[in-house]
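*Asks:* Please see the structure below; I have some questions.
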Amino acid sequence: MKGESVNIAHLFKRVTNMSKSDDDYLYRFVFEQFGVRGEFVCLGSSWQAVRERHDYPASVETQLGKALTSVLLLSGTIKFKGSLILQLQGDGKISSLVAQATEQRTLRGMASFDEALREQSEMDEELLLGQARLVLTAESPSGERYQGIVPVDGGDMGAAVEGYFEQSEQLPTRLWLAANDEHAAGLFLQRLPQSEDDEEHWQRVCILADTIRDEELLNLDAEAVLHRLFHEEDLRLFEPEPVAFRCGCSRERVGNALVSLGEGEVAQMLDEMGSIEVNCEFCNAQYVFDTVDAAALFSGPSVDTPDSVQ
């Protein structure tokens, strides 16, 4: 991966627009003089694609945006091939949040929540998530899975992810997350396992990053954010990696799932309902199978039917 070692103050001189100009990118950077690395994620069109497929209350959207940003930041840090799934499960008004990212930097997400939230404009994050746990699952194309679980204290998703790294990799980590109806964004810093002399540098950059405001994360581009925080540091800023919304559902996958149920079970479902309708909870695509489709599933090549009905 290419990168350019520059003093961020010099890099800032090339920034002509202080507004967010490049949506949907993951940026990596490292501090040249000491062992700290970082990432910055901004989501625009991909975040809108998630929002357009669901009618979530604003409070739910905010938490889902933070979850998507978190899983993308994690995907840029954890070396893996396949998908990374971040799931929050709790007894709060939001019972479940699921965010998934792949090594190709594609994402999707969904939430389950109490419908009473539609009547409430604001709610404390601790009440939204309640007593929750964060489950992080890395799954390879071959089906191998690695899973880590940490508690979510006080409804703070960023703190839970920080706790995951402290527990699983013993690496001090900090996150700053924000989301609104236009963008979702996040900043990630992690101290690398080097000499103890880096502790002072680590504390300093965290103090600087703590001054970032949500509106700056959401409205400034990567170069402007880095200049705002670290204009006296030497950084290597790598080329951005594009991020896009993409759902992995398909008619073929749904058909395979039905085959796994067995011909008798599928026949019974058809007798009771006339047809089988399967909705993807991530993208709201609908797949319909009638008796002819079912017969094709269990007899050979599939018939030529529409891939999905929106």
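*Asks:* If a residue has to be hydroxyl-bearing (Ser, Thr, Tyr) and either part of a helix (DSSP H, G or I) or more than 18 Å from the chain's Cα centre (by Cα) (or both) to count, how many in the range 100-125 make the cut? If you could, list the steps in order and put the result at the bottom.
*Replies:* Narrowing the range 100-125 to residues hydroxyl-bearing (Ser, Thr, Tyr): 102, 106, 112, 121.
Next cut, either part of a helix (DSSP H, G or I) or more than 18 Å from the chain's Cα centre (by Cα) (or both) only: 121.
So the count comes out to 1.
*Asks:* Would the range 142-157 turn up any residue that is assigned to a helix (DSSP H, G or I) and modelled with pLDDT of 85 or more?
*Replies:* First, pick out the residues of the range 142-157 that are assigned to a helix (DSSP H, G or I): 153-155, 157.
Among the residues that remain, those that are also modelled with pLDDT of 85 or more are: 157.
Yes: the range 142-157 contains one or more residues that are assigned to a helix (DSSP H, G or I) and modelled with pLDDT of 85 or more.
*Asks:* Give the residues of the range 49-68 that are in contact (Cβ under 8 Å) with a residue 24 or more places away in the chain, over 20 Å from Glu139 (Cβ atoms) and assigned to a helix (DSSP H, G or I), sorted by residue number. Spell out how you get there, then give the answer.
*Replies:* Looking only at the range 49-68, we keep the residues that are in contact (Cβ under 8 Å) with a residue 24 or more places away in the chain, and these are 49-51, 53-54, 56-68.
Filter once more, keeping what is over 20 Å from Glu139 (Cβ atoms): 49-51, 53-54, 56-66.
Ala49, Val50, Arg51, Ala58, Ser59, Val60, Glu61, Thr62, Gln63, Leu64, Gly65, Lys66, listed by residue number.
*Asks:* If we keep just the residues of the range 228-251 that are of a type in the set (Asp, Glu) and assigned to a strand (DSSP E or B), which is farthest from the chain's Cα centre (by Cα)? Before you say what the answer is, go through the steps one by one.
*Replies:* As a first pass, look at the range 228-251 and keep what is of a type in the set (Asp, Glu): 232-234, 239, 241.
Now narrow it down to the ones that are assigned to a strand (DSSP E or B): 234, 241.
Working: Asp234: 29, Glu241: 15 Å.
So, considering only residues that are of a type in the set (Asp, Glu) and assigned to a strand (DSSP E or B), the one farthest from the chain's Cα centre (by Cα) is Asp234.
*Asks:* Does the range 264-275 contain at least one residue that is surrounded by 14 or more Cβ atoms within 10 Å (Cβ to Cβ), free of Cβ contacts under 8 Å to residues at least 24 places away in the same chain, not in a loop (DSSP other than H, G, I, E, B) and not assigned by TED's automatic domain parsing to the domain that holds Leu73?
*Replies:* Taking every residue of the range 264-275 in turn, at least one turns out to be surrounded by 14 or more Cβ atoms within 10 Å (Cβ to Cβ), free of Cβ contacts under 8 Å to residues at least 24 places away in the same chain, not in a loop (DSSP other than H, G, I, E, B) and not assigned by TED's automatic domain parsing to the domain that holds Leu73.
*Asks:* Follow-up question, since we're still on this one. With respect to the numbered conditions (1) of a type outside the set (S, T, N, Q); (2) buried (at least 19 other Cβ atoms within 10 Å of the Cβ); (3) part of a loop (DSSP other than H, G, I, E, B), which one is the sole condition not fulfilled by Val205?
*Replies:* If we test Val205 against (1) of a type outside the set (S, T, N, Q); (2) buried (at least 19 other Cβ atoms within 10 Å of the Cβ); (3) part of a loop (DSSP other than H, G, I, E, B), just (3) comes out false.
*Asks:* A further question on this structure: Do we find that Val278 is closer than 30 Å to Thr69 by Cβ, surrounded by 12 or more Cβ atoms within 10 Å (Cβ to Cβ) and of a type in the set (Val, Ile, Thr) in this structure? Show your work before the answer.
*Replies:* Values: closer than 30 Å to Thr69 by Cβ: yes; surrounded by 12 or more Cβ atoms within 10 Å (Cβ to Cβ): yes; of a type in the set (Val, Ile, Thr): yes.
So Val278 passes the test.
*Asks:* Checking the conditions here, which among Glu215, Glu233 is modelled with pLDDT of 90 or more, of a type in the set (D, E, K, R) and under 26 Å from Gln48 (Cα atoms)?
*Replies:* Values: Glu233 fails: under 26 Å from Gln48 (Cα atoms).
Every option except Glu215 fails the conditions.
*Asks:* Could I ask something else about it? Among all residue pairs at least 6 apart or on different chains, which show Cβ distances below 9 Å where the first residue, located in the range 196-215, is more than 19 Å from Lys66 (Cβ to Cβ) and the second is among the hydrophobic types (A, V, I, L, M, F, W, C) and assigned to a helix (DSSP H, G or I)?
*Replies:* The qualifying pairs are Val205/Leu229; Val205/Phe230; Leu208/Leu229; Leu208/Phe230; Thr211/Leu229.
The values are calculated or read from the model by the stated rules, or taken from the named source; none is laboratory data. Everything numeric in this text was worked out from a predicted model, so none of it was measured. Note: ideal-geometry Cβ built from the backbone for every residue, glycine included; neighbour counts use all protein chains shown.
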